[in-house]
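Values in this text are rule-based calculations from the coordinates and carry no lab data. Remember, predicted model here, so these are calculated numbers, not experimental data. In this analysis, Cβ positions are derived from the backbone assuming ideal geometry, glycine residues included, and neighbour counts consider all displayed protein chains.
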Amino acid sequence: MRLKALLPAWMPWIRKRFKLSPALEKQLLAISPRQMDRRLAAKKNQKRRRIYGRTKPGYLLKHHIPVKTDSWDVKSPGFTEVDLVSHSGNSGAGEFGYSLNITDIQTTWTETRALLGKGQTAVQQALDEIEGMLPFRLLGLDSDNGSEFINWHLQAWCERKQIQLTRGRPYKKDDNAHIEQKNWTHVRKLLGWERYDTQNAVDAMNDLYRRELRLWLNLYLPSVKLVKKVRVGSKVRRVYDGPKTPLERVVASKQGDAAQLSILKELQRSLDPFQLAKVIDRKLERIYRLANRRLSPKAQEKIETSQAKQVRSGRRKGCGKDARFASLEIPSGFPLSHSHNSNKHSPVTYQMARHG
């Protein structure tokens, strides 16, 4: 549905890049959302989702910050949900990067900043920077119960800025469903679950977050919003509004900052979303190269898979009928004492050396 709405808006740039014939352009604009889903199903199935959490509860202010349990019913931009996404890889030890994600409930406008560690001062400074970049006034922050948000430092900042600070219920991620969705679409799908634990990696992530990515996501990518749920017998039918970009929603609200909206509209007209996507891919490749491979999931998965194969192979050749022939067989690639391959690495040490 979002891709269907995106095509007419992107067609001027599509014509320049792909030299479509009139007949093909007509077919492209006529294709239905369901047909798009069927054609893209194989690509979507290649993506695997994994969830990691590094949130620790904050107790000091827990009873001073109200719990928000009712569903959002706001008519103006400025009320947001905020969360941190961990880039710890397979280990929570030591200091590593986080992505601070904030999304507006009414307009779906989203901003992200990278931090090294999750200290109270760093979180507050990132929020201060994001507040200055929003095309509307920040009115409310709703977070989980992590100590990075539930602290006197952030509460004083919110009181000084006249921002409402609320929190969700402990261990109830559905209370922050909007930002949990953006954590996946705006961070995990791009950066994965690698470990980023250097200042260079954090700086590279911020170079992407502050520039091309925020423009590409907020100016060009439409999204739909749930309007209501209708129960039909035993099923619940969800009704969504029409796809719109976050910028279009801010303009429609008529409560955005006029000067910032004028700049953003000019950027939307002058920039090429395909060129933005190319720059984003190039910067993502640079970020991937800065990951700590030794403590990232892929390295560990390969080591564990190799170990499991060796164990299974050993069991199969050491018991049952295969045991009679086990002593007579030489495994393929086995380094004989007199061969030239005797200095070859074992699969486990080779994988560790490659990703170390």
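Quick one: which of Lys189/Lys244; Lys172/Lys283; Lys43/Lys235 span more than 26 angstrom between C-alpha atoms? Spell out each step's value before the answer.
Working: Lys189/Lys244 21 Å; Lys172/Lys283 35 Å; Lys43/Lys235 29 Å.
Flagged as over cut-off: Lys172/Lys283; Lys43/Lys235.
If we count other beta carbons within 10 Å of each Cβ, what is the order of Asp197, Asp257, Asp144, fewest first?
Working: Asp197 22, Asp257 14, Asp144 26.
Exposure proxy ranking, most exposed first: Asp257, Asp197, Asp144.
Which order do Met1, Met133 fall in if you start with the one that has the fewest other Cβ atoms within 10 Å?
Details: Met1 16, Met133 12.
Listed from fewest to most nearby Cβ atoms, that is Met133, Met1.
Ranked from highest to lowest mean number of other Cβ atoms within 10 Å per residue, what is the order of the peptides 263-270, 152-159? Could the numbers behind the result be given before it?
Details: 263-270: 12.2, 152-159: 16.1.
Final packing ranking: 152-159, 263-270.
At a 10 Å Cβ-Cβ cut-off, how would you order Trp109, Trp216, Trp184, fewest neighbours first? Spell out each step's value before the answer.
Details: Trp109 25, Trp216 16, Trp184 12.
Least crowded to most crowded, the residues run Trp184, Trp216, Trp109.
Once you list every other residue whose beta carbon is under 14 Å from the beta carbon of Ala122, what net charge do they have if Lys and Arg are +1 and Asp and Glu are -1? Could the numbers behind the result be given before it?
Details: positive: Arg113, Lys118; negative: Glu95, Asp128, Glu129, Glu148, Asp203.
Charge balance near Ala122 sits at -3.
Which value in Å does the Kirkwood hydrodynamic radius of region 232-284 take, with 1/r averaged over all unlike C-alpha pairs and then inverted? All intermediate terms of the calculation are to be shown ahead of the outcome.
Details: mean 1/r = 0.0699 Å⁻¹.
14.3 Å is the Kirkwood radius here.
What FRET efficiency comes out for the pair Leu226/Arg294, r = Cβ-Cβ distance, R0 = 30 Å, nearest 0.05?
Values: r = 42 Å, r/R0 = 1.40.
E between Leu226 and Arg294, to the nearest 0.05, is 0.10.
Hey, what did region 82-166 get for relative contact order, percent, Cα under 8 Å, at least 6 apart? List each step's numbers first, then the result.
Details: 106 pairs, mean separation 19.9, N = 85.
Over region 82-166, the number comes to 23 percent.
Give the whole-number value, in cubic angstrom per residue, of the convex hull volume spanned by the C-alpha atoms of region 66-200. Could you put the intermediate results ahead of the total?
Working: hull volume 15.3 nm³, N = 135.
Spelled out: Cα convex hull of region 66-200, divided by residues, is 113 Å³.
Take every Cα-Cα distance within region 2-45, group them into 10 Å bins from 0 onward, and report for each bin the whole-number percent of pairs it holds.
P(r) over region 2-45, rounded to whole percents: 25, 52, 23, 1.
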